[in-house]
Amino acid sequence: MIKEKVIRKLRVIPGKIIKLKSFETGWAQNEELKVYEKGVVKERATEILEANRLTLASSQELLWVDNIHSVLIVLQGMDTAGKDGTIRHVMSGVNPQGCRVCSFKVPTPDETDHNFLWRYSRDLPRRGEIGVFNRSYYEDVLVVKVHPELLEGQQLPSGKRGEKFWDARYEDINAFERHLVRNGTMILKFFLHISKDEQKKRILERLETEEKYWKFSLSDLDERAFWDAYQKVYETMFAKTSTDAAPWYIIPADYKWVARTLVADIISTRIQSLDLKYPVLSAEQLKAVESAREQLKKE
Ligand code: AMP
Ligand code: MG
């Protein structure tokens, strides 16, 4: 498992104003790792990812048996940051019955006919489940804040759309998350942090590989033009919405294997911290099991 010390550096301290530039996008936020050759680190990271995949599978079974807690994983990142691939790799060992992945796109008219949190509450994981949000209610303070004209289509009560309006949204999000946490949901929020150069490389890859054409969307280029605006709204959002109950982690994501290993490690460590156990049967229940066994054998 990865050292707590390393993970702590990725967690955004509640209320702290951070600069994304001071968070690495590369493979080694960790000073200790820099002394090793990249190949060695990659090999070790792959081993850790594999170990965590197994731990995650057994933790998820315990969540299911316990049926009290749920886990909500929120994944955000610029286009091409690797959200889909991370989900595929990290969740691959988990029983599909106890896991649900939801991707959020531009809201439909039916969705904007409700409050902005409605569509996300509809898809929350049940007790015992791990839910993954591929984009989330955070889009409503990210893409919508970068393009405030989007609010015009949302049938909101009139009013100024200044700082107060956005502060109210952060407050609503924090209250929503606090409610979920108090009711047994563990919330883990990951920002897959890539550099602008890496995004260029990945978009070009989509444009130069026939099997990847389908991944390209014209909006990827349009939004890239707003790169700096996005970095700024992300920074504000971290300061306003990283809480002790639901912290943000800024994950270096220029190397996919780094991002996947870190995300898997944090999820698996945090679920294990719930210290879930298989139920211990009472003497009476044990007796019932024994007698049922005998009865069946006699058949
Ligand atoms: P993708 O994840 O590549 O399939 O793209 C989904 C698109 O939906 C992205 O461009 C998001 O910015 C956009 N999107 C997601 N949620 C919202 C939202 N609440 N309001 C407006 N656009 C959104
Ligand atoms: Mg896309």
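Which part of the range 46-77 falls in the paramagnetic zone of ARG100, meaning amide N under 19 Å from the point 7 Å along Cα-to-beta-carbon?
60-75
Rounded to the nearest 0.05, what FRET efficiency is calculated for LYS196 and SER273 with R0 set to 22 Å and r the Cβ-Cβ distance? Spell out each step's value before the answer.
Numbers: r = 35 Å, r/R0 = 1.60.
Step by step, r from the Cβ atoms, then E = 0.05.
Taking the DSSP beta bridges in the chain as the whole, what percent of them are antiparallel, to the nearest 5? Please report the intermediate quantities before stating the final value.
Working: 1 of 24 bridges.
Around 5 percent of the beta bridges assigned by DSSP in the chain are antiparallel ones.
Mind listing the phi-derived Karplus ³J(HN,Hα) values for the range 144-152, rounded to whole Hz, using 6.51, -1.76 and 1.60 with θ = phi - 60°, and x for any glycine or proline?
For the range 144-152, the Karplus-derived couplings read 6, 6, 6, 10, x, 5, 4, 5, 4 Hz, x marking Gly and Pro.
Give me the number: length gained by fully extending ALA283 to THR46, i.e. 0.36 nm times residue separation minus the C-alpha to C-alpha distance, one decimal in nm. Working shown, then result.
Numbers: separation 237, 0.36 × 237 = 85.32 nm, distance 4.41 nm.
Taking 0.36 nm per residue and subtracting the Cα distance, the gain is 80.9 nm.
Starting from the amide H of SER70, placed 1.01 Å from N in the peptide plane, find each other amide H under 5 Å away whose residue is 5 or more places distant or on another chain.
Here the answer is GLY128, THR185, MET186, since their amide H atoms fall under 5 Å of that of SER70.
Using only Cα atoms, tell me the angle between helix 283-298 and the longest principal axis of the chain; keep it within 0 to 90° and round to the nearest 10.
It works out to around 70 degrees.
Would you mind getting the Kirkwood hydrodynamic radius of the range 15-168 from its Cα pairs, rounded to one decimal in Å? Intermediate results must be reported in sequence, preceding the final value.
Numbers: mean 1/r = 0.0537 Å⁻¹.
It is 18.6 Å.
Can you give the Kirkwood hydrodynamic radius of the chain from its Cα pairs, in Å with one decimal? Could you put the intermediate results ahead of the total?
Details: mean 1/r = 0.0477 Å⁻¹.
Over the chain, the inverse of the mean reciprocal pair distance is 21.0 Å.
So, with a 1.4 angstrom probe, what is the percent of accessible area on the chain that is carbon and sulfur? Kindly include the intermediate steps, with their values, before the conclusion.
On the way: 8920 of 16580 Å².
Percent of accessible area from carbon and sulfur atoms in the chain: 54.
Please return the longest stretch of the chain lacking exposed loop sites, where chymotrypsin sites (Phe, Trp or Tyr not before Pro) count only if DSSP places them in a loop and at most 16 other Cβ atoms lie within 10 Å. Spell out each step's value before the answer.
Working: sites that count: TYR36, PHE226.
Free of exposed loop sites, the longest segment is 37-225.
Take the Cα of GLU299, step 7 Å along the line toward its Cβ, and report every residue of the range 249-293 whose backbone nitrogen sits under 14 Å from that point.
292-293
What accessible area per residue comes out for the range 4-297, rounded to a whole number of Å², with a 1.4 Å probe? Intermediate values should be presented prior to the final figure.
Numbers: 15970 Å² over 294 residues.
That works out to 54 Å² for each residue.
Step through the residues of the range 218-230 one at a time and calculate ³J(HN,Hα) from phi using the Karplus curve (6.51 cos²θ - 1.76 cosθ + 1.60, θ = phi - 60°), rounding each to whole Hz and writing x for Gly and Pro.
4, 5, 4, 6, 4, 6, 4, 5, 9, 3, 5, 4, 5
If R₀ is 51 angstrom, what is the calculated FRET efficiency for the pair THR108 and THR209, using the beta carbon separation as r and rounding to 0.05?
Details: r = 31 Å, r/R0 = 0.61.
In this case the efficiency is close to 0.95.
Could you give the angle, 0 to 90 degrees to the nearest 10, between helix 256-272's Cα long axis and the longest principal axis of the Cα atoms of the chain?
On a 0 to 90 degree scale, this one is about 50.
Considering only Cα-Cα distances, which of the following residue pairs are longer than 32 Å: LYS9/LYS160; LYS212/LYS277; LYS5/LYS83; LYS232/LYS256; LYS21/LYS277; LYS38/LYS145? Provide the component values of the computation, followed by the final result.
On the way: LYS9/LYS160 37 Å; LYS212/LYS277 44 Å; LYS5/LYS83 25 Å; LYS232/LYS256 24 Å; LYS21/LYS277 42 Å; LYS38/LYS145 38 Å.
The pairs that break the limit, which is 32 Å between Cα atoms, are LYS9/LYS160; LYS212/LYS277; LYS21/LYS277; LYS38/LYS145.
Which whole-number percent gives the relative contact order of the chain, counting Cα pairs below 8 Å spaced six or more residues apart? Mind dumping the intermediate values first?
On the way: 398 pairs, mean separation 104.9, N = 299.
Across the chain, relative contact order equals 35 percent.
Read phi for every residue in the range 106-120 and hand back ³J(HN,Hα) as whole Hz from Karplus 6.51 cos²θ - 1.76 cosθ + 1.60, θ = phi - 60°, with x for Gly and Pro.
Those phi angles translate into 4, x, 7, x, 5, 6, 6, 6, 10, 5, 5, 8, 4, 5, 7 Hz.
The values are calculated or read from the model by the stated rules, or taken from the named source; none is laboratory data. Computed from a predicted model, the values in this text were never measured in an experiment. Note: ideal-geometry Cβ built from the backbone for every residue, glycine included; neighbour counts use all protein chains shown. Just so you know, the surface numbers come from the protein's heavy atoms only, side chains and all, with ligands and any DNA or RNA stripped out. Shrake-Rupley method; radii C 1.70, N 1.55, O 1.52, S 1.80 Å.
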